[in-house]
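Coordinate-derived values only; no laboratory data. The model shown is predicted, which means the values in this text are computed figures rather than measured ones. Counting neighbours? That spans all protein chains shown, and the Cβs are built from the backbone with ideal geometry, glycine included.
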Amino acid sequence: MRIVGLTGGISSGKSTVSNLFKANDVPVVDADIIARDVLKKGTGGWKKVVAAFGEDILLPNGEVDRSKLGQIVFSDSSKRQLLNGLLAPYISSGIFMEVLKLWIKGCKRLMARDRTSEEDARNRINAQMPLDIKRNNADIVINNTGTLDDLNEQVRKVLFEIKRPLNWTEFWLSRQGALSALVSVVVGVLIFRKVSW
């Protein structure tokens, strides 16, 4: 599975590109939605933010007044850093869980399609060889200064790139590749220790 980060400044067209991805059956994990969720009343993020910024940032229903909090943090970089530090762990774990859910969903879809076991599906996913030529790591930039047609054309080209299978270099640089290497080392150490006894 290829994971692509879509970033950009305010009003740069991230939502438009995200919607174009969704329209082309590319699953999207939206960090802005996760950030809103981790700030909902009663969550760990909500508790930390209220403790740091006080109850003056709350609406009458107890939810965070995002507009008021925004005024505070966008006028003071130290308070913005504080907010980012408080919420980053919750947002990161939220993104991880959403990506994990997508991976599991893809695995289940493969199992249903091929009528295979979970282990066989996982093995098939992990053993896929890339069909495209290996190339150096490259950044893909979507320039949203043109027309909507121009943007659609660029997204079409990006979709072509991100839907291709990972090559081996990209795989080993991915979290899945790093996890595979770690598991291999741990299993090797355990086997070596058992043989040495």
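Below 10 angstrom from the Cβ of L86, what's the summed charge of the other residues (Lys, Arg +1; Asp, Glu -1)?
+2
Among 41-53, 75-87, how do they line up by average Cβ neighbours within 10 Å per residue, starting with the highest? Display every interim value, and only then the final one.
Numbers: 41-53: 15.7, 75-87: 13.7.
Sorting 41-53, 75-87 by mean packing, highest first, produces 41-53, 75-87.
L58's amide H: which non-local residues (gap 5+, or another chain) put their own amide H closer than 5 Å, with H modeled 1.01 Å from N in plane and none for Pro or chain starts?
D65
Greater than 28 Å separation of Cα atoms is the criterion. Which listed pairs, K47/K108; K101/K194; K40/K105; K47/K68; K14/K157; K79/K157, meet it?
K47/K108; K101/K194; K79/K157
Could you work out the local net charge near T43, counting Lys and Arg as +1, Asp and Glu as -1, over the other residues with Cβ closer than 13 Å to its Cβ?
+3
Run the dipole for the range 1-80 about the Cα centre, Lys and Arg Cβ at +1, Asp and Glu Cβ at -1, nothing else charged, and hand back the magnitude in debye, nearest 20.
With Lys and Arg at +1 and Asp and Glu at -1, about 140 debye.
What per residue convex hull volume, in Å³, comes out for the range 21-109 when only alpha-carbon positions are used?
Dividing the Cα hull volume of the range 21-109 by its residue count gives 121 Å³.
Can you give me the Rg/Rh ratio for the range 42-91, using Cα atoms for both radii and the Kirkwood formula for Rh?
0.93
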